[in-house]
Amino acid sequence: MKKKVGIVDVAAKAGLSCATVSRYINKTAFVSDKNSKLIQDAIDSLEYIPNTAARILANKRMMTLGLACSALSDPYFSSLIRGIEKRSRQLGYALLIHSIEEVEEVEEVKKKPNFVFGEHNTDGVIVFADSLNDEDLKRLTDSNFPVVLIFRSSPPFMDIPFINIENKEGAYRLVSHLIKAHQYKRIVFQRGPATHENGQWREAGYRKALRENGIYFDPELIEYGGFNHEMARKSIFRLLEKKVQFDAVFSGDDDAASGSISALLESGYKVPEDIAVVGFDDQIIASYVYPSLTTVGSHIEEVCFKAVDKLVDIINGKPVEIETFVPTELIIRNSCGCE
């Protein structure tokens, strides 16, 4: 009867510790290429296949997708993670998440910690917005590691497949509604983080709506909201302290819009009777704030499903389109002045 081979035998054959072999088999931590080869050669030589990893080793797949995203404390990311995890599970993949602290300045992106995903623990990775800098993206694409970007486009000369929404068109329709349906002319725009491409496109839509309706662009009405409740709240206080005149606020996203409403109410203003506030993304909070938030639906789950499908196609060697844009939807509630 053939002796049953165990992890101790693999470790002895490879000349490494059992802990290192365990990390390699279970993919719980990084193992160097040199040691990985020693372990895999020992596994092959001894014909050792752990029951729990048999399918993975046979297919030479981790059956795990990676997701790089910003700080998970933002309520926006619960919908994002839920959508990606749901579709990954439907296709037979687990999801490994790496949270990267969000930065506010472009130069700070270069200081972010190096990316942790690779062939040792995932089959491919979905990267949210600016969660990964161009240097790390290039390193992954140079090694032919499957990557899909969401809510940003590919850096120049890389041709990384990406999924995004029609930010500019959505913002244009939203601001046009404020102007045409309610005759607002002094509309504040609260910018998102400088490194977020979506915020830049939303500002482009804001400017287009002003221009096409004959309204002068006033830099005094541009504030930093950071796609963040507290930052947007402080920006409203700054505007009021400077006695800037405005009749509406486009907060960049729904979290910032809730902060703007809070600051206005705290300062004695009625929303929308005195000042209207609108957001973007149609997050869960949009239906529950008072007044309910007029916003733009960004169809986050659809973006997530398309991203996972595209990544799995790349893993399986299928051709995919580089650019995919998901349409947005204007959602009218009460915060703009509509009944």
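A few comments on the model shown:
- Meets criteria (in a loop (DSSP other than H, G, I, E, B) and without any contact (Cβ under 8 Å) to a residue 12 or more places away in the chain) for Phe157: yes
- Annotation note: Cβ proximity below 9 Å between a residue of region 314-339 that is among the aromatic types (Phe, Trp, Tyr) and a residue that is modelled with pLDDT of 95 or more and outside any loop (DSSP other than H, G, I, E, B) (sequence gap 6+ or interchain) occurs for Phe325/Ile163; Phe325/Asn164; Phe325/Ile165.
- Single residue of region 322-339 satisfying the filter (of a type in the set (Ser, Thr, Tyr) and not in a strand (DSSP E or B)) that is surrounded by the most Cβ atoms within 10 Å (Cβ to Cβ): Ser335
- Selection of region 152-164 for residues being at pLDDT below 95 and among the aromatic types (Phe, Trp, Tyr) yields only Phe157.
- Residues in region 261-292 that are in contact with a His (Cβ under 9 Å, 6 or more places away or on another chain) and under 23 Å from Leu221 (Cα atoms): Ser262, Pro272, Ala276, Val278.
- Residue count for region 232-251, restricted to those that are touching a helix residue (DSSP H, G or I) at 6+ places or on another chain (Cβ under 7 Å) and crowded, with 19+ Cβ neighbours inside 10 Å: 8.
- Test: residue in region 166-177 that is at pLDDT 95 or above and part of a loop (DSSP other than H, G, I, E, B): yes
- Test for Thr52: is it β-branched (Val, Ile, Thr), at pLDDT 80 or above and over 26 Å from Gly192 (Cβ atoms): no
- The lone exception for Ile275 - which of (1) closer than 18 Å to Tyr206 by Cβ; (2) without any contact (Cβ under 8 Å) to a residue 12 or more places away in the chain; (3) of a type outside the set (Gly, Ala, Ser) it fails: (2)
- Elements of the type helices (runs of 4 or more DSSP H) sitting completely within region 202-318 and holding at least 2 residues that are more than 30 Å from Val127 (Cα to Cα), under 28 Å from the mean Cα position of the chain (by Cα) and of a type in the set (Gly, Ala, Ser): these cover 254-266.
The values are calculated or read from the model by the stated rules, or taken from the named source; none is laboratory data. These numbers were taken from a predicted model, which means no experiment stands behind them. Please note: Cβ atoms are built from the backbone with ideal geometry, for glycine as well, and neighbour counts cover all protein chains shown.
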